[in-house]
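The values are calculated or read from the model by the stated rules, or taken from the named source; none is laboratory data. Treat the numbers as computed from the prediction; the structure is a model and nothing was measured. Quick reminder, even Gly has a Cβ in these numbers, built from the backbone with ideal geometry, and neighbours come from all protein chains shown.
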Amino acid sequence: MPGDRPRLARRMAGIEPFHVMAILARARELEAQGREVVHMEVGEPDFPTPGPVVEAGRRALEAGRTHYTPALGLPALREAIAGWYRACFSVEVDPARVVVTPGASGALLLVLAALVDPGEKVLMPDPGYPCNRHMVRLFEGEAVSLGVKAAQGFALANDQVIRNWDARTRALVVATPANPTGRVLGLEQLRFLYEAVRAPDGHLIVDEIYQGLVYDTPEVTALALGEENLFVVNSFSKFFGMTGWRLGWVVAPRVWVPALDRLAQNLFLAAPTLSQHAALAAFSPETLAILEERRQIFQRRRDYLFEALTGLGFRIEGRPEGAFYLYADVSAFTGDSFDFCRRLLEEAGVAVTPGRDFGSYRAERFVRFAYTTDLERLELGVERIAAFLERG
Ligand SMILES: Cc1ncc(COP(=O)(O)O)c(C=O)c1O
């Protein structure tokens, strides 16, 4: 009957929407009524895709490059990605280990599908990127959230992984720089995690999607640690400004590539062809010069917003070194960060993301600010937040 609720598979019960979507929908409503909203909730760069990448995509389209590529990706792009690791990190990666995917999302999906049996556990920090938890659920695994504290830079404590590991645990997923905290893991921290999961023959999945957006600390890649039991996920979405092109990759241990290939063939045949051709221009000196300029702009925004928010009484332990997020403790103002976000939008016209989108550990104390809008708008947002707090 039309209007009846569909009988969804049981696994759908664990798949939550993004709560920020309710905020966003309300923001759109207010905008339609003529209110003007400062958007600090958006998790993608405000900049357009760099010109040389767009141009390469346009040329590919005109040349009729509209057929499938191999499921593992264009050989030239896999080589270019390997070359990027050599150029930036002096790490040798065999292009045969690079699997091109529809976004980091496609990469996480492939890896978790290949790795997790029903009933098996995957550990992950909370707060963290929520889709990881949902993908594990989709494969009938069990996501185990490990609460991480602001005072520890939102990093897993040394023994937290070991204490929570048992015979059913298959993997640990971490992101660096992280969403929503912007915190960066150093190579020593990554090495500790790698050794902790390898001891019981577990796997480490490192999501490096915000790589390139790192400020005042050296950049590393987990690929420097080795090959076995290690999957490194990345994407053209964030640093390269290509969210809508849906293109990412995973560097997998050699022995896993045939399984990922088989899965990719069955799940999506291949990543978008035009996007792959466009991305061949992503590592050119022209593009990298544009991206470096943008990185510096993000850094200036971060510095401004960090100072401004902490000045207003938001608690942020340490200046996050990466991504484009600040994860702020709002417990000085409210016991319910979701309600705080709702009121901030209604009463001040500023949209931010509530902590509950990133897990449940102390989520009601936190909100995420994204500095994916220009300095002028950030200043306007801060002015409005200051007036809102003053009104109580
Ligand atoms: C930590 C993290 N991983 C993965 C993704 C997925 O990105 P995409 O599929 O666009 O590459 C996101 C998107 O926000 C993210 O924040």
Checklist outcome for this item: Cβ pairs under 9 Å, 6+ apart or interchain, first in segment 165-180 and farther than 15 Å from Ser235 by Cα and in the same structural domain as Ala196 (by TED's automatic domain parsing), second more than 15 Å from the ligand (Cβ to nearest atom) and of a type in the set (Asp, Glu), ordered by first then second residue, are Arg168/Glu120; Arg168/Glu142; Thr169/Glu120; Arg170/Asp117; Arg170/Glu120; Ala171/Glu120
Checklist entry - Would you call Tyr129 under 19 Å from Trp249 (Cβ atoms), crowded, with 19+ Cβ neighbours inside 10 Å, more than 16 Å from the ligand (Cβ to nearest atom) and modelled with pLDDT of 95 or more? => result no
Next on the checklist: Please pick out the residue among Asn179, Asn164 that is polar (S, T, N, Q), under 22 Å from Arg315 (Cβ atoms) and at pLDDT 95 or above.
Outcome noted: Asn179
Checklist entry - In segment 165-186, which residues are surrounded by 15 or more Cβ atoms within 10 Å (Cβ to Cβ) and away from the ligand (no atom under 16 Å from the Cβ)? => result Trp165, Thr169, Arg170
Checklist outcome for this item: Contact list, first residue from segment 96-113 and over 19 Å from Pro70 (Cβ atoms), second anywhere and within 12 Å of the ligand (Cβ to nearest atom) and assigned to a loop (DSSP other than H, G, I, E, B), beta-carbon distance below 7 Å, six or more apart or interchain, is Ala104/Ile209; Ala104/Ser237
Checklist outcome for this item: For Val330, the lone unmet condition from (1) without any contact (Cβ under 8 Å) to a residue 60 or more places away in the chain; (2) surrounded by fewer than 22 Cβ atoms within 10 Å (Cβ to Cβ); (3) touching a strand residue (DSSP E or B) at 6+ places or on another chain (Cβ under 6 Å) is (2)
Next on the checklist: Anything in segment 94-110 that is more than 9 Å from the ligand (Cβ to nearest atom) and closer than 10 Å to Ala271 by Cα? List them, or say none.
Outcome noted: Val99, Val100
Item to check | Residue in segment 189-216 that is farthest from the chain's Cα centre (by Cα), counting only those that are among the hydroxyl-bearing types (Ser, Thr, Tyr) and more than 16 Å from the ligand (Cβ to nearest atom) | outcome: Tyr194
Checklist entry - What number of residues within segment 39-58 satisfy the criterion of being within 16 Å of the ligand (Cβ to nearest atom) and aliphatic (A, V, I, L, M)? => result 3
Item to check | Sole residue being within 23 Å of the chain's Cα centre (by Cα), farther than 21 Å from Leu375 by Cα and not hydrophobic (A, V, I, L, M, F, W, C), chosen from Glu29, Glu41, Glu16 | outcome: Glu16
Checklist entry - For Pro320, are the conditions met, namely being in contact with a Cys (Cβ under 8 Å, 6 or more places away or on another chain), surrounded by 18 or more Cβ atoms within 10 Å (Cβ to Cβ) and in contact (Cβ under 8 Å) with a residue 60 or more places away in the chain? => result no
Item to check | Meets criteria (outside the structural domain of Ala363 (by TED's automatic domain parsing) and within 26 Å of Ala363 (Cα to Cα)) for Leu112 | outcome: yes
Checklist entry - Given the structure, is Arg86 of a type outside the set (Phe, Trp, Tyr), over 21 Å from the mean Cα position of the chain (by Cα) and part of a helix (DSSP H, G or I)? => result yes
Next on the checklist: Filter segment 24-45 down to the residues that are surrounded by 17 or more Cβ atoms within 10 Å (Cβ to Cβ) and acidic (Asp, Glu) and list them by number.
Outcome noted: Glu41
Checklist entry - Out of curiosity, is Ala308 modelled with pLDDT of 95 or more and not assigned by TED's automatic domain parsing to the domain that holds Asp374? => result no
